Amino acid sequence: MKVLVCGGAGYIGSHTVYELIERGHDVVVFDSLVKGHKAAVHKDAKLYIGDLRDREAIYRVFKENNIDAVIDFAAFSLVGESCNKPLTYFDNNVYGTLRLLEAMNRADVKKIVFSSTAATYGEPKNIPIVESDPTEPINPYGETKLTVEKMLKWSDKAYGIKYVALRYFNAAGAHTSGEIGEDHSPESHLIPIILQTAAGVRDHISIFGDDYHTEDGTCVRDYIHVTDLADAHIKALEKLNRDNTSATYNLGNGKGFSVKEIVEMAKQVTGKPIKVLTESRRPGDPPTLIASSQRAIDELGWQPRFNTPEQIIATAWKWHSTHPNGYNDK
Ligand code: NAD
Ligand code: UDP
């Protein structure tokens with residue numbers, strides 16, 4: 001297949017491009033590089049640098065390439081920033097994918113896999129979370145992703161664009177080769193911050209709140225390896241080719257670990273001391289998020305291979321210990 005990967009220079013996108021190429025697909029990457037890295041793009045992928053909101057720039061990619069399907073990772077994804085700049089988030093995340101869908105429709109490309117998020121659920125009432133649970137985002141970031149899901153639903157009905165929306169839980173880890181990994185700027189995610197502390201790039205990790213209603217008072221999350229996410233995208237494309245119907249899936253390991261547990265595991269994996277300070281809660285953090293991924297397991301035939309946080313942290317450590325400043329290109 002010839003697959004267009006929007007946001008393919010970013011963290012999850014670059015890992016998915018590697019996986020697609022390893023499995024023999026042709027890949028075209030479209031990325032503004034506003035957050036991504038040129039060095040993260042596989043040498044066998046064709047790279048277009050442009051902004052999704054630029055109607056002609058994205059349509060040109062379809063005109064110049066015989067695209068069979070699209071995977072869309074391009075978005076801003078910092079929860080805290082989205083609370084301060086909601087319009088920036090709606091502009092980039094909703095308007096960007098709107099322009100992409102327009103270009104797809106114009107080029108008669110009718111299959112898309114979309115990066116959604118556990119943040120669409122807000123504060124869940126039941127654990128583990130299933131896809132039919134209420135979606136009530138508690139931050140603008142989650143709201144932009146839910147808005148795109150709705151746009152996809154109506155684009156299916158009106159234009160026959162078939163989609164798979166993948167609601168990831170906490171993406172973590174790096175490619176086992178150590179060639180690509182996580183490099184966000186600014187970094188806000190727990191595991192890279194812990195490992196940058198272990199690598200001596202940061203002085204300490206701050207735990208945001210130890211007064212939650214969880215066993216040790218810190219937030220509980222479901223960590224899923226980035227290569228397992230990449231695999232789910234390819235299985236989602238295969239599903240669209242197989243039955244041409246739209247669907248939404250959670251992607252997680254189905255087990256929750258607290259912030260304190262992750263810090264302890266990182267100490268074990270790295271063998272390094274990690275200084276910890278406790279600070280007040282970060283706005284917008286639900287206490288516990290754990291996925292039921294049973295639907296993806298049953299319908300996509302997906303099975304995560306990195307089942308424990310220790311395995312996930314070990315791959316991330318291979319990247320962070322050899323690239324303490326990431327791609328070093330910003
Ligand atoms: P990332 O920032 O590393 O990658 C996003 C990429 O999209 C970047 O390369 C950026 O330059 C590009 N981009 C952004 N806006 C663009 C635009 N308008 N036009 C063209 N390119 C644009 O993020 P990530 O961590 O790889 O996340 C990928 C996707 O997965 C995002 O949509 C995010 O919301 C979603 N997601 C991530 C996580 C996680 O834990 N990292 C969890 C749930 C969902
Ligand atoms: N967290 C933390 N310190 C940090 C970064 C994150 O205590 O420096 C906590 C955060 O409050 C949340 C969990 O770690 O409870 C996971 O946060 P992350 O940003 O990695 O992912 P999120 O769950 O927000 O998508």
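Among the residues of the range 4-24, how many are farther than 16 Å from ASP183 by Cα, in contact with an Asp or Glu (Cβ under 9 Å, 6 or more places away or on another chain) and not aliphatic (A, V, I, L, M)?
3
Looking at the range 217-244 only, could you name the residues that are within 12 Å of ligand 2 (Cβ to nearest atom) and either closer than 14 Å to VAL276 by Cβ or over 19 Å from the mean Cα position of the chain (by Cα) (or both)?
Selection gives GLY217, THR218, CYS219.
Among (1) exposed (fewer than 15 other Cβ atoms within 10 Å of the Cβ); (2) away from ligand 2 (no atom under 16 Å from the Cβ), which single condition is ASN84 missing?
(2)
Any idea how many residues of the range 181-197 are surrounded by fewer than 24 Cβ atoms within 10 Å (Cβ to Cβ) and either farther than 21 Å from LEU78 by Cβ or among the charged types (D, E, K, R) (or both)?
1
Looking only at the range 108-136, filter to residues that are part of a strand (DSSP E or B) and either free of Cβ contacts under 8 Å to residues at least 40 places away in the same chain or among the polar types (S, T, N, Q) (or both); which one of those is farthest from ligand 2 (Cβ to nearest atom)?
Among residues in the range 108-136 that are part of a strand (DSSP E or B) and either free of Cβ contacts under 8 Å to residues at least 40 places away in the same chain or among the polar types (S, T, N, Q) (or both), the one farthest from ligand 2 (Cβ to nearest atom) is GLU136.
Could you go through the range 29-50 and let me know if any residue there is without any contact (Cβ under 8 Å) to a residue 40 or more places away in the chain and within 21 Å of ASN241 (Cα to Cα).
For the range 29-50, residues without any contact (Cβ under 8 Å) to a residue 40 or more places away in the chain and within 21 Å of ASN241 (Cα to Cα): present.
Out of the residues in the range 252-273 that are touching a Leu at 6+ places or on another chain (Cβ under 9 Å) and closer than 24 Å to TYR212 by Cα, state the one that is nearest to ligand 1 (Cβ to nearest atom).
Looking at the filtered set, the residue picked out is GLY252.
Which of (1) near ligand 1 (Cβ under 9 Å from one of its atoms); (2) within 19 Å of LEU237 (Cβ to Cβ) does ASN92 not meet, given it meets every other one?
Single failed check for ASN92: (2).
Would you point out which residue out of VAL164, VAL148, VAL94 is surrounded by fewer than 23 Cβ atoms within 10 Å (Cβ to Cβ) and under 19 Å from the mean Cα position of the chain (by Cα)?
After ruling out the rest, the residue left standing is VAL94.
Considering only residues that are touching a Gly at 6+ places or on another chain (Cβ under 7 Å) and within 6 Å of ligand 1 (Cβ to nearest atom), which ones fall in the range 1-29?
The answer is GLY7, ALA9, GLY10, GLY13.
Every read-out reported here was derived from the displayed coordinates using simple, explicitly stated rules and does not represent laboratory data. Because the structure is a prediction, the values reported are computed rather than measured. Every residue, glycine as well, gets a Cβ built from its backbone with ideal geometry; the counts of neighbours run over all protein chains shown.
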